[in-house]
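Each remark here refers to the structure printed beneath this line.
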Amino acid sequence: MSNDSRKVVGVLTTTRAEYGILYPLIEKMLKDTFFDVKVLVSGTHLDAEYGNSVQEIENDKVPIAAKIDILSHDDSPFGVSKTMSIAVSKFAEYFAENKLDALVVLGDRYEVLAVCIAAMNERIPIIHLHGGETTEGAIDECIRHSITKMSQLHLTATDEYRGRVIQLGENPNRVFNIGSIGVENVLKKNLLSKDELKVSLEEMNNSSKIINLDNPYGIVTFHPVTLEENSAIDQINNLIDALDEHKELSYIITLANADSGGKIINEKIMAYARERENVYVFASLGALRYLSAVKYSAMVIGNSSSGIIEVPSFNIPTVNIGDRQKGRVRANSVIDCGPSKEDISNAITKAESKEFVDVCISANNPYFKEDASRNAVEIIKKYLSSDIDLKKVFYTV
């Protein structure tokens with residue numbers, strides 16, 4: 001603990017999406033004299049290929065304690081393992097030199113697992129957000145549950161997920177359903193007007209295309225289904241063919257993250273955009289631009305968790321493709337479809353229908369809970385104010 005008696009708490013962020021969710025929590029912790037916050041920035045934030053999203057953190061004037069570069073720049077299974085080994089090594093060094101009272105992590109990424117291994121070895125208590133969720137088509141599934149077993153405090157997004165964390169043997173006294181902080185962003189963040197969004201997107205766009213937001217458009221994000229071998233190329237081709245069947249829409253596409261198979265998806269998307277005037281591609285939009293773009297869109301298409309967790313609070317349709325998000329709790333504004341061209345195209349048609357748009361208008365988001373970030377801060381403060389025993393007894397339900 002630091003000399004001024006504040007609790008030294010690290011907050012890890014490795015991706016654009018994760019930072020957007022964590023920001024309200026980071027902001028409240030920074031304003032609370034209980035904490036000495038150390039924001040640790042790593043992963044794709046520090047890579048130009050993925051949009052240098054560290055700039056978003058800097059623009060938010062969030063103080064960064066450390067930038068730790070871990071990417072191997074190889075998205076093969078071997079490359080992912082190499083990134084994890086680099087992360088374990090570099091974060092072990094950081095944790096050995098910078099003592100933390102706790103580390104806050106979110107979700108299910110392999111980089112996060114690697115950092116948690118280093119933190120566990122340094123006997124740093126881990127506070128885990130978004131545990132207990134299931135994504136049957138992705139390696140994230142086992143990673144998320146592994147992080148749960150390394151963690152001492154759990155802040156889940158629904159009661160069902162809270163129950164699953166307890167089912168994994170965690171004491172109910174340390175498992176709290178706070179809802180999703182990402183949904184809080186949708187409801188409370190001061191989003192851009194459509195005109196402001198258009199100007200901001202055109203400033204980012206590297207092509208000479210004029211971005212037309214008056215035409216109905218979809219937001220598209222498609223990641224590899226990491227438990228399906230060699231499916232990325234076929235699935236992205238099917239998605240592109242389905243989008244072409246709906247020329248009534250324009251498309252704002254954000255690139256895939258640093259998962260195995262992500263590079264081939266991104267190459268296909270960039271080639272597709274070069275040949276279409278109605279397709280605009282961005283490595284990373286950042287939380288403000290992304291949520292603003294979703295607000296004015298006709299639908300969200302792809303297999304990102306955002307389409308399941310945040311988008312329903314905009315009361316617009318989500319076309320959720322394939323198995324990557326299989327098993328998550330979802331609102332009735334989500335249309336699940338297979339990864340074939342026909343399935344995707346039919347789902348887009350359904351999302352455009354007046355009947356389904358009416359369904360979305362009245363949809364309730366199961367991830368919403370009032371004051372998620374404030375409640376998270378209070379729970380963390382209470383936890384860190386007592387003696388922490390890292391020895392855990394497996395709780396039997």
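The values are calculated or read from the model by the stated rules, or taken from the named source; none is laboratory data. These figures come from a predicted structure and were not determined experimentally. So basically every Cβ, Gly included, is an ideal-geometry build from the backbone, and we count neighbours across all protein chains shown. Side chains included, ligands, DNA and RNA excluded: accessible areas come from the protein's heavy atoms. Shrake-Rupley method; radii C 1.70, N 1.55, O 1.52, S 1.80 Å.
Assess whether I139 counts as being under 27 Å from G179 (Cβ atoms) and crowded, with 20+ Cβ neighbours inside 10 Å.
Yes: the conditions hold for I139.
Filter region 29-55 down to residues that are within 21 Å of N98 (Cα to Cα), in contact with a helix residue (DSSP H, G or I) (Cβ under 9 Å, 6 or more places away or on another chain) and of a type in the set (S, T, Y), then give me how many there are.
1
Just to be sure I understand, how many residues within region 154-200 are more than 23 Å from K391 (Cα to Cα), surrounded by fewer than 20 Cβ atoms within 10 Å (Cβ to Cβ) and either more than 19 Å from the chain's Cα centre (by Cα) or among the basic types (K, R) (or both)?
Matching residues across region 154-200 total 13.
Would you list the helices (runs of 4 or more DSSP H) that sit entirely within region 118-188 and hold 2 or more residues that are of a type in the set (K, R)?
140-150, 159-167
Select from region 189-216 the residues that are over 22 Å from N315 (Cα atoms), in a loop (DSSP other than H, G, I, E, B) and of a type in the set (A, V, I, L, M) and write down the one among them that is modelled with the lowest pLDDT.
I210
Could you please tell me which pairs satisfy a Cβ distance under 6 Å, a separation of 6+ or placement on different chains, a first residue in region 24-51 that is of a type in the set (D, E, K, R) and crowded, with 16+ Cβ neighbours inside 10 Å, and a second residue that is assigned to a strand (DSSP E or B) and modelled with pLDDT of 95 or more?
Sorted first by the residue in region 24-51, then by its partner, the pairs are D36/V8; K38/G10; K38/A65.
Hey, among the residues in region 28-48 that are over 18 Å from the mean Cα position of the chain (by Cα) and not in a strand (DSSP E or B), which one's nearest to L71 (Cα to Cα)?
So in region 28-48, the residues over 18 Å from the mean Cα position of the chain (by Cα) come out as 28-38, 48.
Next, only the ones that are not in a strand (DSSP E or B) stay: 28-34, 48.
Working: K28: 30, M29: 28, L30: 28, K31: 32, D32: 33, T33: 34, F34: 33, A48: 12 Å.
Ranking the qualifying residues of region 28-48, first place goes to A48.
Those residues that are charged (D, E, K, R), touching a residue at least 60 places away in the same chain (Cβ under 8 Å) and crowded, with 21+ Cβ neighbours inside 10 Å, I need them from region 104-131; list them, please. Show your work before the answer.
Looking only at region 104-131, we keep the residues that are charged (D, E, K, R), and these are 108-109, 111, 122-123.
Still in the running and touching a residue at least 60 places away in the same chain (Cβ under 8 Å): 109, 111, 123.
Matches in region 104-131: R109, E111.
Among the residues of region 28-52, which ones are modelled with pLDDT under 95 and charged (D, E, K, R)?
D47, E49, listed by residue number.
Restricting attention to region 372-392, which residues are of a type in the set (D, E, K, R) and loosely packed, with under 13 Cβ neighbours inside 10 Å?
K382, D387, D389, K391
To keep it simple, each residue is scored yes or no on (1) of a type outside the set (A, V, I, L, M); (2) out of contact with any Pro (no Cβ under 8 Å at 6 or more places or on another chain).
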residue: F176; (1), (2): yes, yes
residue: L191; (1), (2): no, yes
residue: M204; (1), (2): no, yes
residue: I210; (1), (2): no, yes
residue: Y217; (1), (2): yes, yes
residue: V220; (1), (2): no, yes
residue: N238; (1), (2): yes, no
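Just checking, does region 231-238 include any residue being modelled with pLDDT of 95 or more and touching a Gly at 6+ places or on another chain (Cβ under 8 Å)?
No, there is no match, as no residue in region 231-238 is modelled with pLDDT of 95 or more and touching a Gly at 6+ places or on another chain (Cβ under 8 Å).
Scan region 52-68 residue by residue and report those that are without any contact (Cβ under 8 Å) to a residue 40 or more places away in the chain and open to solvent by less than 20 Å² (accessible area, probe 1.4 Å).
Correct list: V54, V62, A66, I68.
Can you name every residue in region 71-85 that is open to solvent by less than 70 Å² (accessible area, probe 1.4 Å), farther than 15 Å from D140 by Cα and in a helix (DSSP H, G or I)?
Those that are open to solvent by less than 70 Å² (accessible area, probe 1.4 Å), farther than 15 Å from D140 by Cα and in a helix (DSSP H, G or I): G79, T83, S85.
Restricting the first residue to region 177-203 and requiring it to be in contact (Cβ under 8 Å) with a residue 12 or more places away in the chain, which pairs with a second residue that is open to solvent by 60 Å² or more (accessible area, probe 1.4 Å) and among the small types (G, A, S) meet a Cβ separation below 6 Å and a spacing of at least six or different chains?
Once the first residue is in contact (Cβ under 8 Å) with a residue 12 or more places away in the chain and sits in region 177-203, no partner that is open to solvent by 60 Å² or more (accessible area, probe 1.4 Å) and among the small types (G, A, S) comes close enough.
Give the residue, chosen from Y280, Y395, that is open to solvent by less than 50 Å² (accessible area, probe 1.4 Å) and aromatic (F, W, Y). Quick ask: steps written out before the conclusion?
Details: Y395 fails: open to solvent by less than 50 Å² (accessible area, probe 1.4 Å).
None of the others qualify; the one that does is Y280.
Does A283 fit the bill of being under 29 Å from N52 (Cβ atoms) and under 19 Å from the mean Cα position of the chain (by Cα)?
Answer is yes for this residue.
If you go through region 86-100 one residue at a time, do you hit one that is in contact with a strand residue (DSSP E or B) (Cβ under 7 Å, 6 or more places away or on another chain), closer than 20 Å to A372 by Cα and open to solvent by less than 10 Å² (accessible area, probe 1.4 Å)?
No, the conditions are met nowhere in region 86-100.
Output the residues belonging to region 338-362 that are in contact with a helix residue (DSSP H, G or I) (Cβ under 6 Å, 6 or more places away or on another chain) and surrounded by 21 or more Cβ atoms within 10 Å (Cβ to Cβ).
P339, I344
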